[in-house]
Amino acid sequence: MRIAVTGATGNVGSAVVRRLHHDGHEVVGVVRRPPEDADPADWVRADLSSDCHDDLVRAFRGADAVVHLAWGFQPTHRIDYLESVGVGGTRRVLDAVAAAGVPHLVHQSSIGAYSPRRGTEPVREDWPTGGIAASPYSRHKATAERLLDTFEGRAEVVVTRTRPGIISQRAAGSAQLRYFLPTLVPAAAVRHVPVLPLDRRLTLQVVHADDVARAIALAIEARAPGPFNLVTEPVLDRSDVAAALGARPVHVPFPVVRAAADLSWRAHLQPVDAGWIDMAYHVPLLDASRARTELGWVPGHDATAVLATMVEAMASAEHGSSEVLRPRTIADGVRRALRRGPVGQRPRP
């Protein structure tokens, strides 16, 4: 099959492209910055934050499926830009899918699209997707879900929605450091965290990028409609995160953690807005049995291994070959900050 993938050079996109090539598919990557040595026939340049309809239609025409992965995580001080990429970009993809006559769309949603939890029981895909109001990322994911609802009502296209937990792979270490750690903090500091000040009620669900890619490939092969939660067992808690970091867990109530994150973000001391803290504490736990039952999805990595890989990849500043997954160094970060401003507020070219 011929499959177009937006965000094909990112954390998930790179894994999806690997998987689809492994399965013998023809892949067209749709990205803002194609690889320098790329074959032009395999890549289309498109900036989803702006009008790129013609470019998207050109990329999608003749495709058996479109996998929409592109999303923005930074700059967190430019919510208008993040909305233009996430919500606006999804709208542009949907319009181009319809114009190009693509029969199947796979949209990468998120655990963050779900409404707040009401208990500790894992929820299935029928849980409301109203998002976490205090999180811009979550609100945008929930808005994209509404766009998909409308699209399904007017277009004869099979729509698959994947809703994964936190996704990582070794090659994403540098990228995740840039998203979540101040520029001047060396990567090796991840190995030297003495204490972890978090609320003891914290829970996390993760999944390896290769396992997400496998689920997407299975959904394409089956042309399976509807949403699929994608998380691996076991559910992680604060003590698991502390153990992976080699740190001592210290209970700090959620409101204190949130206030500290918000104040330091507003002061531009670190790039993570407090909405991520709200989301971490309030999203529900997910039940991924539908993907296992209907797609035959069997994750190859358990949650403890994914977390260990994530921490080691960040501590070693592991990287991939694309611009998105480029090596993270303090010198490079300082140069970019002097030229274009801090990552949390710099405009995109």
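The values are calculated or read from the model by the stated rules, or taken from the named source; none is laboratory data. What you are looking at is a predicted structure, and each value in this text was computed from that prediction instead of being measured. Note: ideal-geometry Cβ built from the backbone for every residue, glycine included; neighbour counts use all protein chains shown.
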Can you tell me which of Thr120, Thr143, Thr90 is surrounded by fewer than 17 Cβ atoms within 10 Å (Cβ to Cβ), β-branched (Val, Ile, Thr) and out of contact with any Lys or Arg (no Cβ under 8 Å at 6 or more places or on another chain)? Thr120
In the stretch 245-260, what residues are under 16 Å from Val195 (Cβ atoms) and in a helix (DSSP H, G or I)? Leu245, Val256, Val257, Ala260
Of all residues in the stretch 328-349 being of a type in the set (A, V, I, L, M, F, W, C) and over 16 Å from Tyr179 (Cβ atoms), which is modelled with the highest pLDDT? Ala331
Working only within the stretch 304-333, note down all residues that are surrounded by fewer than 21 Cβ atoms within 10 Å (Cβ to Cβ) and among the charged types (D, E, K, R). Glu312, Glu323, Arg326, Asp332
What's the number of the only condition in (1) modelled with pLDDT of 95 or more; (2) surrounded by fewer than 17 Cβ atoms within 10 Å (Cβ to Cβ); (3) under 30 Å from His104 (Cα atoms) that Gly153 fails to meet? (1)
In the set Ala242, Ala215, Ala224, the lone residue that is touching a strand residue (DSSP E or B) at 6+ places or on another chain (Cβ under 7 Å) and assigned to a loop (DSSP other than H, G, I, E, B) is Ala224
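Just a yes or no: is a residue in the stretch 261-268 in contact (Cβ under 8 Å) with a residue 40 or more places away in the chain and under 25 Å from Leu184 (Cα atoms)?
In the first step, residues of the stretch 261-268 are kept if they are in contact (Cβ under 8 Å) with a residue 40 or more places away in the chain; the result is 265, 268.
In the following step, the residues that additionally are under 25 Å from Leu184 (Cα atoms) were identified as 265, 268.
Yes: one or more hits.
Give the residue that is nearest to Asp23 (Cα to Cα), with candidates limited to residues of the stretch 245-268 that are in contact with a strand residue (DSSP E or B) (Cβ under 9 Å, 6 or more places away or on another chain) and of a type in the set (A, V, I, L, M). Even if it seems obvious, please write down each step before you answer.
At the first step, the residues of the stretch 245-268 found to be in contact with a strand residue (DSSP E or B) (Cβ under 9 Å, 6 or more places away or on another chain) are 245, 247-252, 254, 256-257, 260.
When the remaining residues are screened for being of a type in the set (A, V, I, L, M), the result is 245, 247, 250, 252, 256-257, 260.
On the way: Leu245: 36, Ala247: 41, Val250: 46, Val252: 47, Val256: 48, Val257: 44, Ala260: 46 Å.
Result: Leu245.
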Do we find a residue being buried (at least 18 other Cβ atoms within 10 Å of the Cβ) and under 26 Å from Ala247 (Cα atoms) anywhere in the stretch 208-217? yes
Looking at the stretch 24-64 only, could you name the residues that are surrounded by 16 or more Cβ atoms within 10 Å (Cβ to Cβ) and among the acidic types (Asp, Glu)? Asp47, Asp55
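For Arg328, state whether it is among the basic types (Lys, Arg) and not in a loop (DSSP other than H, G, I, E, B).
On the way: among the basic types (Lys, Arg): yes; not in a loop (DSSP other than H, G, I, E, B): no.
Spelling it out, it is not the case that Arg328 is among the basic types (Lys, Arg) and not in a loop (DSSP other than H, G, I, E, B).
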